Amino acid sequence: VTMGVIPGRNGHFKGSISNDDIISLLGDFPGRFVGMAGLNASKREESLEEIHRTVLNGPLKGICMEPGALDKPMYADDPRIYPIYDLCEQHRIPVILMLGGRAGPDITYSDPKIINRIAADFPKTNFIISHGGWPWVQQILGVCFFQKNIYLCPDMYLFNQPGWQDYVTAANFALQDRFLFGTAYPFIPLEAGVEHFKKLPFKPEVLPKVLYQNA
């Protein structure tokens, strides 16, 4: 492991991670991390200001939102969030969205129709889907086949969960340039996560892409 990506967390019902703490880590370990600003999707003006402060005028490289995990859950395609996507589109800022697993109070918050709609509305923005849309595995893979600006990171749901074989099949063929390694640490320990990932039946020529080059 030569570099790690640190996604921020803002407004999650289990707590937040300060963007300033992420910026401090970047200074403490130069060249080892890429930071993504955590935004509270329900606070539009604050989020827009934070993009200007930490990304456009700061060291962070993208944003991360978890709309379904807010105290008052929102769907990621809620029109109230669209001004945030629009600013990211204007400046080619990548967006991490948590869509999968426990991304909301029920399974509908991870429905791949959500990212299908957003990715189509903002075709110049790269969207990274953490938790990989699980358990809607077939559906999210179908969406990615048509929407070329979606990157998929199943992270912990690639580890012995139903559907992992389909993720690997997609990574070996149609999605080999848009599939990403991740662990959802601390749910999966980093070292064990890397070792398990390397043992999955990825093609030898695909493994360097999904472990490093795509990111």
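The values are calculated or read from the model by the stated rules, or taken from the named source; none is laboratory data. Fair warning: this is a prediction, and the values are worked out from it, not measured in the lab. Cβ sites come from the backbone with ideal geometry, for glycine too, and all protein chains shown count toward neighbours. Just so you know, the surface numbers come from the protein's heavy atoms only, side chains and all, with ligands and any DNA or RNA stripped out. Shrake-Rupley method; radii C 1.70, N 1.55, O 1.52, S 1.80 Å.
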Scanning region 1-17 for residues that are open to solvent by less than 60 Å² (accessible area, probe 1.4 Å) and farther than 22 Å from P189 by Cβ, which turns out nearest to the chain's Cα centre (by Cα)?
N10
Out of all the residues in region 166-215, which are without any contact (Cβ under 8 Å) to a residue 40 or more places away in the chain, part of a helix (DSSP H, G or I) and surrounded by fewer than 13 Cβ atoms within 10 Å (Cβ to Cβ)?
E191, A192, E195, K198, K199, P208, Q213
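Output yes when any residue across region 18-26 is within 16 Å of the chain's Cα centre (by Cα), farther than 19 Å from M156 by Cβ and surrounded by fewer than 22 Cβ atoms within 10 Å (Cβ to Cβ), and no when none is.
Kept after step one, since they are within 16 Å of the chain's Cα centre (by Cα), are these residues of region 18-26: none.
No, region 18-26 contains no residue that is within 16 Å of the chain's Cα centre (by Cα), farther than 19 Å from M156 by Cβ and surrounded by fewer than 22 Cβ atoms within 10 Å (Cβ to Cβ).
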Has region 124-140 got at least one residue that is out of contact with any strand residue (DSSP E or B) (no Cβ under 9 Å at 6 or more places or on another chain), open to solvent by less than 70 Å² (accessible area, probe 1.4 Å), part of a helix (DSSP H, G or I) and under 19 Å from Q176 (Cα atoms)?
yes
Please verify whether A103 is out of contact with any strand residue (DSSP E or B) (no Cβ under 6 Å at 6 or more places or on another chain) and open to solvent by 20 Å² or more (accessible area, probe 1.4 Å), treating the condition exactly as stated.
no
